[in-house]
1. In whole Hz, with x marking every Gly and Pro, tabulate ³J(HN,Hα) for segment 146-152 from phi via Karplus 6.51 cos²θ - 1.76 cosθ + 1.60, θ = phi - 60°.
2. So what is the relative contact order of segment 77-235, in percent, for Cα pairs below 8 Å that sit 6 or more residues apart?
3. Which order do 55, 289 fall in if you start with the one that has the fewest other Cβ atoms within 10 Å?
4. Write down the Kirkwood hydrodynamic radius of the chain, to one decimal in angstroms, obtained as one divided by the mean of 1/r over all alpha carbon pairs.
5. Using only the alpha-carbon atoms, how far is helix 319-347 inclined from the longest principal axis of the chain? Give it as 0 to 90 degrees, nearest 10.
6. Take segment 118-230, compute every pairwise Cα distance, and split them into 10 Å bins from 0; I just need the percent in each bin.
7. Between residue 348 and residues 5 or more places away or on another chain, which pairs have amide H atoms under 5 Å apart, with H built 1.01 Å from N, and which residues are they?
8. Principal axis lengths of segment 293-348 from Cα atoms, whole Å, largest first?
Amino acid sequence: MTGPVRLGLRENLAQFSLLVAVNAFVGAMVGLERSTLPLIGEEDFGLASNAAVLSFIVAFGAAKALTNLGAGALADRLGRRRLLIAGWAVALPVPLLVAVAPSWGWIVAANVLLGINQGLAWSMTVVMKIDLVGPRRRGFALGLNEAAGYGGMALTAAITGWLASEYAARDVLVAAGAVIAVVALVASVALVRDTADHMALEQQQHAGRTADAPVPDFRTAFADASWRTPALRSCSQAGFVNNLNDALSWGLVPLFLAAHGASVGQVGLVAGIYLAVWGVGQIAAGHASDQLGRKPMIVVGMLLQAGALGLLAGSDGAVGLAAVAATLLGVGTAMVYPTLIAAISDAVSPVARASVLGIYRFWRDIGYVAGGLIAGLAADAIGYAGAIAVVAALTAASGLWVVFDMPTRRDSATRLRHETILT
């Protein structure tokens, strides 16, 4: 028997903590690939083109982006919990496809399913946590959510990099992936509760609006989130570029380091540093964005990412410099990732939140598609360092876009505005 519906982190600590754990498993599914799959493409399947190797990221990003779009629109119709469970059901065949893959095309197909898993499962853990905590500590809650996901990603990236130096990389991915998918599915089915009632309560409390206010139509929400509304379009483009440079870090940096003599273990260490700093740093970053405002955190974070990529481009593949660059890149990404989601949530009414976040996450994860294509083609044309420098310049430009386009205001989650968009 459940008690009365209340908003707040402390009031919903058990469910919130469970969702944090589930999101750690979501991140771990991707972390399995971060330090090993590009190398598997070269070593197991004989891929010589960087663009061909990075095709798995393009497939992953496209599937995840489109799933985010659908998940946001369907969350209120089908329920958050149902979509979360569906996401884990889709993940079950991923390790099997990797295990039996006779060609790289099968790996690409597995990453389509992985993208669907991420789009459903990660989107729903984000939306459900925002539903539970309400507006007061939104940045901090999102920091915890993203820290769990990327902490899980960092841990598995480092561990699989180490294990792949001792055992066959594909065997490591298959065994760990199967365990993660099964455990997370069972936990989601048995323990997670839906949060639609929490969203309805917040909507009722929000500026005197009623809980049965209509969900905005998709066309209006898409236009506002994509280009019409400065507060939203600034976030959408920053999220797009952030994942564009993450695609480079995921797919190209392991090849860059390996080409300069780094071992699989060293590649895993650099990947693990980046993801660990990104993951843990989001707790402090989310809290800071509640206090300092969203815009300063986003601008500084994007420019710091650009500087880190510039350092990496000039490192000549030295593992020590790469580790420093990975640390700075992790700090910059930690400042941006939860803050962008919190900024989107600040700018829309509760009833519009799932839909608009789905649109934002669509643009953010299309960045994986663009990043995979740009990094792969640029590396083939001008080399690894040149490709990294191109992405560094794009990241700096994105930070400057936020400077000039995003409205300047202190938008702590404790100060809800009445001029909310999409009411």
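1. Working through the residues one at a time gives 5, 4, 5, x, 7, x, x Hz.
2. Once normalised by length, the contact order is 29 percent.
3. In order of increasing Cβ crowding within 10 Å: 55, 289.
4. Radius from the Kirkwood sum: 21.0 Å.
5. It is inclined by approximately 20 degrees.
6. All Cα pairs, binned at 10 Å, distribute as 11, 28, 32, 18, 10, 2, 0 percent.
7. HN-HN under 5 Å from residue 348: 421.
8. 45, 13, 13
Computed from the coordinates by the stated procedures, all read-outs in this text should not be read as laboratory data. Bear in mind the structure is a predicted one, so any value in this text is a computation, not a measurement. Glycine gets a Cβ as well: all are built from the backbone with ideal geometry, and neighbour counts include every protein chain shown.
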